[in-house]
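So the structure is just underneath, and the comments pick up after that.
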Amino acid sequence: MNGYEEARILLDSSKRTLVFTGAGMSRESGMSTFRGAGGLWNDFSAQELSSIDGLRTNPAMVWEWYGKRFVARKGVVPHSGYSALLHLQNRKGRLPVVTQNVDGLHQAAGLTEVYELHGSMRTVSCLDGCGFSASFSDDHLSVLPPKCPDCGAVLRPDVVLFGEPLPERVIRDAFQLAADWADLLLVVGTSMLVWPAAGIPWEALQAGVEIVELNPEPTSLSKAPGVIWIPGRAAEILPGLLEE
């Protein structure tokens, strides 16, 4: 039996499948990612453009950069791998998805239980914390930086910036699902380089959870005991792997 066939059997028999996704999942839909070939941080300083300090000291520059990313997100739709996850959700009844991505493509595909470790590009809120929050719209890019209509402070994209912790409840729930709930973890399109998110699969392994990893290149996880690594792209492999 090869790894692909073994993975199909595990996914079919699993009662509590947890999904963990990274930037590779988004890249296949055409989203620009931050690292790797063509990454958005290859030509700019991440500390200047994606830090809480950068937003406070030069909000117009940060918003100009994020605005381009918001605009680039238009027209990007979930690929067939997302549809396969939706099919699996419908089969299983519950399919929690823990993601490092901020683009909302999982929700756009119809997945209903999504834990966004690094926040979301879909909303903005008051940088000074007055309580204002809204869905992102093109109006927020008409004058940079956009200002809070309630208190006049700068607005912020609701992504986790350098210098900020991950959302406490989200990261706690993700680790708890990996260690105490899941009987199988499906890891898709992550380099396993970004911590503390990368600790989630290792937490699952330590708890005895079997892992199916789908990634074009091997990661630090790929050869670990209890891991089945399937080389390939999510849009190509997931439909055959997950659909009956």
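Here are the numbers for the structure shown:
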{"item": "Count - residues of the stretch 170-211 that are more than 14 Å from Ser14 (Cβ to Cβ) and touching a Lys or Arg at 6+ places or on another chain (Cβ under 6 Å)", "result": "0"}
{"item": "Residue count for the stretch 135-152, restricted to those that are under 22 Å from Asp103 (Cβ atoms) and surrounded by 15 or more Cβ atoms within 10 Å (Cβ to Cβ)", "result": "6"}
{"item": "Any hit, the stretch 212-233, residues being of a type outside the set (Asp, Glu), closer than 14 Å to Gly22 by Cβ and part of a helix (DSSP H, G or I)", "result": "no"}
{"item": "Single unsatisfied condition, Gly199 versus (1) buried (at least 19 other Cβ atoms within 10 Å of the Cβ); (2) within 16 Å of Val97 (Cα to Cα)", "result": "(1)"}
{"item": "Matching entry among Thr219, Thr190 (being touching an Asp or Glu at 6+ places or on another chain (Cβ under 8 Å) and either surrounded by 15 or more Cβ atoms within 10 Å (Cβ to Cβ) or among the charged types (D, E, K, R) (or both))", "result": "Thr219"}
{"item": "Sole exception among (1) over 15 Å from the mean Cα position of the chain (by Cα); (2) outside the structural domain of Ser142 (by TED's automatic domain parsing); (3) among the acidic types (Asp, Glu) for Glu113, by number", "result": "(1)"}
{"item": "Verdict on Glu164 being surrounded by fewer than 17 Cβ atoms within 10 Å (Cβ to Cβ) and within 21 Å of Asn101 (Cα to Cα)", "result": "yes"}
{"item": "Test: residue in the stretch 128-144 that is more than 29 Å from Arg233 (Cβ to Cβ), modelled with pLDDT of 95 or more, acidic (Asp, Glu) and assigned by TED's automatic domain parsing to the domain that holds Leu238", "result": "no"}
{"item": "Leu155 under 22 Å from Thr17 (Cβ atoms) and surrounded by 19 or more Cβ atoms within 10 Å (Cβ to Cβ)", "result": "no"}
{"item": "From the options Glu164, Glu203, Glu217, Glu210, residue that is closer than 25 Å to Leu238 by Cα, in contact (Cβ under 8 Å) with a residue 40 or more places away in the chain and not aliphatic (A, V, I, L, M)", "result": "Glu210"}
{"item": "Thr99 being touching a strand residue (DSSP E or B) at 6+ places or on another chain (Cβ under 7 Å) and polar (S, T, N, Q)", "result": "yes"}
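The values are calculated or read from the model by the stated rules, or taken from the named source; none is laboratory data. Everything numeric here is computed off the predicted structure, so don't read it as measured data. Don't worry about glycine lacking a Cβ; one is built from the backbone with ideal geometry, like all the others, and counts go over all protein chains shown.
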